[in-house]
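The next block holds one structure in the form of structure tokens; read it before the comments.
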Amino acid sequence: MLDDFMVNTWISASMIAVVAGVVGLFVVIRGSSFAAHALPLGAFSGGAAASVLGISPLIGLLAFSGLGVAGISQLGRRGRHEVATALSLVMLLGLGALFLSMTTEYSQTVYALLFGEVLGVSSGDLIPVAAGSGVSIALTVMLYRPLLLSSLSPELAEARGVSARRMELLFLTVVALTTAMALPVVGALLVFSLMVGPASAARAVTNQPLRAMLFSAAISVVTVWASIALSFVSNWPIGFFVGALGALAYGLGRTSAWAAVVRP
Amino acid sequence: MRSLLSILFEPGFFASGPVRLAAVVGGAAAIVSAVVGVFTVIRGQSFAGHAMADISSAGGAASFLLGINPLLGFLGMGALAACSMELVRVDRASERDLVTGIMTGAGLGLAALFLYLDVTSKSTTGAAVTVMFGSMFAIPASIIPLALVVGFGSLFAVAVLYRPLLLCSLDAALAAARGVPVRLVGLLHLIVLAAAVALSAITVGAILSTALLIGPASIALQFARRPGLAILFAVVIGVATTWGGILVAYDSYNWTSGHGWPVSFCIVALIFAAYIITGRPRRTFARRILSADPPDVQTIG
């Protein structure tokens, strides 16, 4: 489990876990879990597009998550956000189906992009992950105060000159960036579980944003480490463990929050 | 006239068996999805509608493993998800989305596990693709009788629930004051939603199931002035885009030198285009509904 070929896996997964935990807290506070689910799943089609066009998958993922951000924010101006999200998501997946029908690498590629390929991380793969993590964290730190204000009280933020629409766009961009960077390693479905599960548990435990962010990153890292270890031992897909542990973390968080209320 | 028709419909379109089957099954899925979808959009549960497709695919993957009728797997998992979503008591709409998200993560994790076990025990590598994307031109004949029962059952349930469900969706407080059991109606709606989504997910795939659920309903709500009319419009739009998509997919075989476009792409593209075109700002019943935040159904009850 700690062999040489696993070192890159541990490093990249830990970086992704920290970023997902930090960004995920804002996903939870803003209640935008649908967007956080739709962006990775839509970006997954970008991987298929890249394999047809013969370009680097990372460019395809970035382009498609960008398209997802544009679709959600543009369509979201007119109607409900979730309708905009759902329609952007199915449009991107439809494009993905079109591109997939043009390639010969069918089910294996789909499976790897959806559920992740943690064991095949090369040293070259580490660079984009590190760069993406750095940018995502930097953006989150820069946006921290206005984003927090805009998430908790949009009216107050508007009064202070923080545009809710611009914050939404910037926030979705950060989610998209995190997605594109994490997707080749942990898979479209896992990114989402990692963003929502640990953050929701952290939020249930504490109301203090900075502490919640630290908790969230810590729970996320522990979840990923435990999932890799369990997956390594049992040979079961890592996605199962991340999803199950995320739900477990949320359940424990809710229970402890409830216990804190009941206990005087 | 005849030559014009043959430009529109490539020769052999109406004679092809798979096309006929796809038109019937796809049309049925579109009708059920559109009817249920109108309520789903009004209630602000698009995410739950999409999540059901993902979660029930875990049931689909499990049914490969257990060797049971795949529709039963989809339905069982969907019903389980509906009940657990409603059982976790939440106070705010954003928290409801969060619970849906956690469930989706867990459900997809289960799907990954079952798919993995499928691959190792039965060596069916195609299972992942079949479950996630579905194929309208390869519908197993064994599920058709059960699919018909589920489809009619869903429509019947919506007809019975129509008035209380509409009242709860538009004004939960008023519904509660009139003695409507808001939570029970919500649960029943989620179960009907799960059944409709399972039905369309297995026949047309998870992508199209969300597209057919949300697309026609939100298009219809953009210009319909009354909920009953919205349902009617949604059904017409759903069936029209489904059949149009099948036609485009069939014709596309000749456009791009022998490579047909996937049906799911064609249908989704038509729905997306229709949503963009019809979406000019107007004051209708729908504008009021769509611009408002989803009602906090859970706070009462």
For region A:122-264, what relative contact order do you get, as a whole percent, if you take Cα pairs closer than 8 Å and at least 6 residues apart? 21 percent
How large is ³J(HN,Hα), in whole Hz, for each residue of region A:223-238 in order, when computed from phi with the Karplus curve 6.51 cos²θ - 1.76 cosθ + 1.60 and θ = phi - 60°, using x for Gly and Pro? 4, 5, 4, 4, 5, 4, 4, 5, 5, 5, 6, 8, 6, 7, x, 5
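Kindly identify chain A as rounded, prolate or oblate by the Cα gyration tensor criterion: order the square roots of the eigenvalues as a ≥ b ≥ c, call it rounded if a/c is under 1.5, otherwise compare a/b with b/c, prolate if a/b is larger, else oblate.
oblate
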For region A:114-170 and region B:143-163, distance of Cα centres in Å: 44 Å
Difference of contour (0.36 nm per residue) and Cα-Cα distance, B:Ile277 to B:Leu146: 43.5 nm
Gaussian network model of chain A, Cα within-10 Å springs - most flexible of A:Ala202, A:Ala218, A:Ala131: A:Ala131
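Here, each number is a calculation from the coordinates, and none is a lab measurement. Computed from a prediction, not measured in an experiment: that's the story for all the values here.
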